[in-house]
Amino acid sequence: MGGLARRFMVTLACLMSALALGSCDRPAHPVEQAMVANPDEWPSWGRTGHETHYSPLDEIDADNVSELKLAWHYDLEPGYSASTPLMADGKVFITTGHSHIRAFDAETGKELWDYDGGTRERAKSVLQMNWGNKGIAYDAGRVFLVTTDGYVIALDATSGKEIWKTYDFPDDAPRNANGAPRAFAGKVIVGFGGADISPARGFVTAYDAATGKQAWRFYTTPGDEVSPVNRKAEDVMRKTWPTGWKNPDGSRRGGGGSAWNAFSYDPELNLVYLGIGNGFPYNQQLRSPGGGDNLFLASIVAVDADTGAYRWHYQVCPAEQWDCTATADMTLATLEIDGKDRKVLMQAPKNGFFYVLDRATGEFLSAEKIAKVTWAERIDQKTGRPVENPGIRYNGKPGLFEMWPGPTGAHSWVPQAYSPQTGLVYVPIMELPALIGEGQEGGAEVAAGMGVTLIPEVELPGGHKSYLKAWNPVTQSEAWRVELPGTWPGGVMTTAGGLVFQGQIDGKFVARDARTGKELWSFKTESPIVGAPISYRMNGKQYVTVITGAGGQGAGMQTLGNQAYRTDYRLPRRVLTFALGGTDTIPPFEMPERVPLEDPNYTPDAARAQAGFMLFATRSCLVCHGWNAVAGGAAPDLRYSPTITDAATFRTIVKEGGLKMNGMPPFPQFTDSELEDLRFYLRTRAQQAPAEHKAYMERLQVAKASNAKPQDFAGKWNIVIQSPMGPQKAVMDLKVQGDVVTGKVTADQGTVDVAGGVANGRAKLEGKANMPMPITVSYDITVKDGQLTGENSNGPFGTFPVTGTR
């Protein structure tokens, strides 16, 4: 299409969408100066305190984005790189790995300096070595970072030398810091994570940006220490913990409320907004036996930027007990609502609703579902509180409940973006359910003391999908959506050029039309992208920068749904910078095919594999190495690692910390027997990996229809399921009447009654079992030439090949 014709089509599209989004000659909503200040730079996580991830630059637009080329790149070592870069003072700053900071010339990509935060040498716990930093901050010639183990550091932006360094954690409670700090109002705002594993009291700290001295500390759950400036907040909180937060011996029974990711700032109102996380234990009856809303868990809290004094709050999940957090981006904007300009705060937290609040007062304005939600019917317009669905409060009830969204959320930490031009918020959305219930006898808790059984990655119809959704916050309705590959979407940036940029799990960097979602440009990056891109201008030229590399999913989730895509730890990680007319290139890269391990001494042992599986699931292994040991790119895929075939090497790495400097912490608490059970489980997974992957890919690529008739399924079948614990033999005895199939599946572990039907030549059956928690076991099978083939979905643990003969 020629340039003149294209501009005509764009003009026509603008006219057609003017009623919904505003014309192309003016923004859809008023533009606040604080949102677009200093358009040439990107000095903060969301560019400004409004956290819009919006660039006012428009040299690159829908007409010429097809001419966008690589301007420069930098090759990174393996390690965490799901982070967002910054640009200020003519330099691009990045953080990767464990607090490794680099500075580059913004035009040429020449490395100017680097700084290692030292986390790997100092870290005292597994929690302090997991993943890495998601971002850094800049202000007045200083770069700020928070190391995972709690040091807040200011570096000279010109030289990379330390200006000041202080320690943020007040005690030995398990904490880590991996979110980006913010530099607002002459202060550095710092949070931390860890609410999933202990009742440690949450807090947010502000440090003087020039000196490193503590300016204020705001506590997010009640406690004994109460400063005068925190008195009002403490009074508000204590009323919502009616039986207190302590055990009879004085130790903390309940807590959490860590604010590890989301902070926004309004300079006119002089308010800093804090996004607060979930509570511990998850089970509210253990955390707060007397009930109550348990503020400020799962809340947005506004505090005075100078003093940290409480101003207002809004709670997205009162009395939360589902890992419901308000730690996603909080975007500030001015929207025209009911004919009036309203200064608002917008958030799409984990719980599946999109919220619009008055940011001066905290008044609830509106909320609607942006994804599939089963925990609540709606948010009551009068009270602003959720109308919960029956059964979602699992306390004292048997079994597990299906919950949408699951604990990863409909929207996680990966940034959303807002364009005042279109008036739309661009949100990376996931459709991922979970099974949740009260802690089961015999274990099955995610971590000791949580009081909940939680299966975070469940295969249910409609799940394992992700989208980029353009959301109209005024009408609370979807403007457009694009289905994305895999289940872990990348962060988003939008520009005044009418574009939305986003990386994908399949190794593409994409630019879309901000009004329609149409793909206008893409670049093959050779690696997945999770972190958000940025845009800046140097000497009149606009650039776009993004860092490649998978990671950031957390807690071993988000791996099974990405098996179709290589997210390998060893894939090249790079800083990529684009401009119109760029002349740089990257070499083509083909990841070698994964070679199955040779392990001639391996002999299947289901009981031992089960013991190893429980260790893998409860000793933090799955946090980095993935659910069922299916890695997601944050760490090596152990199913293909030769280290698991040699006991001495495995011991050196796992128990003695032989790869600590690579980010693999030591686990000295493993006994020798446990270590061998764990290794045996991984050897078992290695044996099953090739067939499992083949079946998964065939499931994606081949239609499931067949010519089998209902009676072909009748009879007794000797079946073999390639489970995570090794080949599981069973007998499937089926009866058929019409299209209805009933029967039993009998194995050494017990018998499961199954029932279902036949359609399009396939039988789909379901039954209930206990392992020890209640789960659903399902089969999707067909018969051809007397052979039974298909899949067995073993509850939430994954889908595996099944074969059988009569």
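The values are calculated or read from the model by the stated rules, or taken from the named source; none is laboratory data. Note that the structure is predicted; figures quoted are calculated from it, not measured. Don't worry about glycine lacking a Cβ; one is built from the backbone with ideal geometry, like all the others, and counts go over all protein chains shown. What goes into the accessible areas is simple: the full protein's heavy atoms, side chains included, and nothing from ligands, DNA or RNA. Shrake-Rupley method; radii C 1.70, N 1.55, O 1.52, S 1.80 Å.
Brief remarks follow.
- Summary of packing: across the peptides 746-752, 675-681, 457-463, 45-51, the per-residue average of other C-beta atoms within 10 Å ranks them, highest first, as 45-51, 675-681, 457-463, 746-752.
- 11 Å beta-carbon shell around Asn278, net charge (K/R +1, D/E -1): -1
- Along segment 213-229 the Karplus relation, 6.51 cos²θ - 1.76 cosθ + 1.60 evaluated at θ = phi - 60°, assigns HN-Hα couplings of 6, 5, 8, 6, 9, 10, 8, 9, 9, x, x, 6, 6, 9, 7, x, 6 Hz to successive residues, with x for each Gly and Pro.
- Unit charges at the beta carbon, dipole of segment 380-528: most positive-side option, Ala434, Pro405, Gly384: Gly384
- Selected from Ala71, Pro587, Ala367, residue furthest toward positive end of dipole (the chain; charges at beta carbon): Ala367
- The phi torsions of segment 636-646, fed into the Karplus equation with coefficients 6.51, -1.76 and 1.60 and a -60° offset, translate into couplings of x, 7, 5, 5, 10, 8, x, 4, 6, 8, 10 Hz, rounded to whole numbers, with Gly and Pro shown as x.
- Estimated dipole of segment 63-173 in Debye, rounded to 20 [Cβ of Lys and Arg +1, of Asp and Glu -1, Cα centre]: 140 debye
- The chain: DSSP helices with Cα axial extent of at least 24 Å and average Kyte-Doolittle hydropathy no lower than 0.5: 3-21
- The overall shape of segment 139-256 is prolate: from the C-alpha gyration tensor, with semi-axes ordered a ≥ b ≥ c, the ratio a/c is 1.5 or greater and a/b exceeds b/c.
- Net charge dipole, segment 347-493: roughly 340 debye, given to the nearest 20, about the Cα centre with Cβ charges of +1 for Lys and Arg and -1 for Asp and Glu.
- Overall shape: prolate for segment 98-191, with the ratio a/c of the largest to smallest alpha carbon gyration tensor axis at 1.5 or above and a/b above b/c.
- Charge dipole magnitude, Cβ of K and R +1, D and E -1 - segment 213-308, Cα centre, debye nearest 20: 380 debye
- The spacing between segment 74-121 and segment 168-230, judged by their C-alpha centroids, is 25 Å.
- Contour excess over end-to-end distance, with Cα ends at Asp605 and Asp739 and 0.36 nm allotted per residue: 44.5 nm
- Relative contact order (percent, whole number), the chain, Cα cutoff 8 Å, 6+ residue spacing: 11 percent
- Amide H to amide H, with H built 1.01 Å from N, Ala309 comes under 5 Å of Asp304, counting only residues 5 or more places away or on other chains.
- Once the 1.4 Å probe is applied to the protein heavy atoms, the chain comes out at 37 Å² accessible per residue.
- Whole-angstrom gap from segment 309-365 to segment 587-627, using each part's C-alpha centre: 42 Å
- Cβ crowding within 10 Å averaged over residues, with 582-591, 487-496, 727-736 ranked highest first: 487-496, 727-736, 582-591
- Ligands, DNA and RNA excluded, the heavy atoms of Lys161 present near 140 Å² of accessible surface to a 1.4 Å solvent probe.
- In this simple spin-label model, placing a label point 7 Å from the Cα along the Cα-to-Cβ direction at both Glu483 and Thr671 gives a separation of 4.9 nm.
- Of Trp245, Val272, Gly186, farthest towards positive along the dipole that unit charges on Lys, Arg, Asp, Glu beta carbons give segment 141-276: Trp245
- Mean Cβ count within 10 Å, highest first, over the residues of peptides 68-77, 628-637: 628-637, 68-77
- The portion of the accessible surface of segment 180-277 made up by carbon and sulfur, rounded to a whole percent, is 52 (1.4 Å probe; DNA, RNA and ligands excluded).
- Phi to ³J(HN,Hα) by Karplus 6.51 cos²θ - 1.76 cosθ + 1.60 over segment 326-340, Hz, x for Gly, Pro: 10, 9, 7, 3, 10, 9, 9, 7, 10, 10, 8, 10, 6, x, 10
- Relative contact order of segment 619-768, taken over Cα pairs closer than 8 Å and 6 or more residues apart, is 14 percent.
- For segment 69-182, the relative contact order works out to 21 percent when only alpha carbon pairs closer than 8 Å and six or more residues apart are counted.
- Other residues lying with their Cβ under 13 Å from the Cβ of Phe364 contribute a combined charge of +1, Lys and Arg counting +1, Asp and Glu -1.
- Anisotropy class of segment 296-367 from Cα gyration tensor, a/c 1.5 cut: oblate
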